[in-house]
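Asker: Have a look at this one.
The values are calculated or read from the model by the stated rules, or taken from the named source; none is laboratory data. Predicted, not measured: the structure shown is a model, and the values here were computed from it. As a convention, Cβ positions derive from the backbone with ideal geometry for all residues, glycine included, and neighbour counts pool all protein chains shown. We work out accessible area using only protein heavy atoms, side chains counted, and drop any ligands, DNA or RNA first. Shrake-Rupley method; radii C 1.70, N 1.55, O 1.52, S 1.80 Å.
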Amino acid sequence: MFLAHIVLDTILVVIAKDLWAISRILVTIVVMYFVLQGRKWAKWVLMGIFSFLVVALIAMVIALYSKLSTILIVGSTILAVLSAIITLYIAGNKDLNRYFSGKRQASVNSNPI
């Protein structure tokens, strides 16, 4: 799901010629790496990025509807929905939360102070 999000986001950035958004994509990839390592702060940062993206994309589509191409409108809407789904999945999935807890516990056990 995350890979689909990054690919779609990158395609939309290229189509829109919004080179500043490339840095947001790179930050998202780095934060997702730390999420996969079980870092709790990264989980919350990633959820914040995706939540902001949902709001920003919907606002952009509403505000600039007549100026955007059809592919950007549809792509942005799909990306907003995918971002919302990922955020809800990260926040509420019990198996994923157990995975994060296990990763954190393994990290604590492997690095005793």
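Asker: Keeping every protein chain present and rolling a 1.4 Å probe, give me the accessible area per residue for the chain in Å².
Answerer: Per-residue value: 65 Å².
Asker: Which order do 34, 50 take by accessible area at a 1.4 Å probe, largest first? Walk me through the intermediate numbers first.
Answerer: On the way: 34 70, 50 0 Å².
Of 34, 50, the descending order of accessible area is 34, 50.
Asker: So, one more: Using a 7 Å offset from the Cα along the Cα-to-Cβ direction at both residue 29 and residue 99, what is the distance between the two label points in nm, to one decimal?
Answerer: Placing both labels 7 Å beyond Cα along the Cβ direction yields 2.0 nm.
Asker: Related question: At a 1.4 Å probe, what is the % contribution of carbon and sulfur to the accessible area of the chain?
Answerer: 73 percent
Asker: Then there's this: Identify all aspartates and glutamates with a Cα-Cα distance to residue 40 below 17 Å; exclude those on the same chain that are fewer than 8 residues away in sequence.
Answerer: Correct list for residue 40: 95.
Asker: I want to check the label-to-label distance for residue 70 and residue 51. Put each point 7 Å from Cα in the C-beta direction and report it in nm to one decimal.
Answerer: Result: 3.6 nm between the two label points.
Asker: Next up: Compute the angle between helix 70-92 and the longest alpha-carbon principal axis of the chain, please, reported from 0 to 90 degrees and rounded to the nearest 10.
Answerer: The helix 70-92 is inclined about 20 degrees to the chain.
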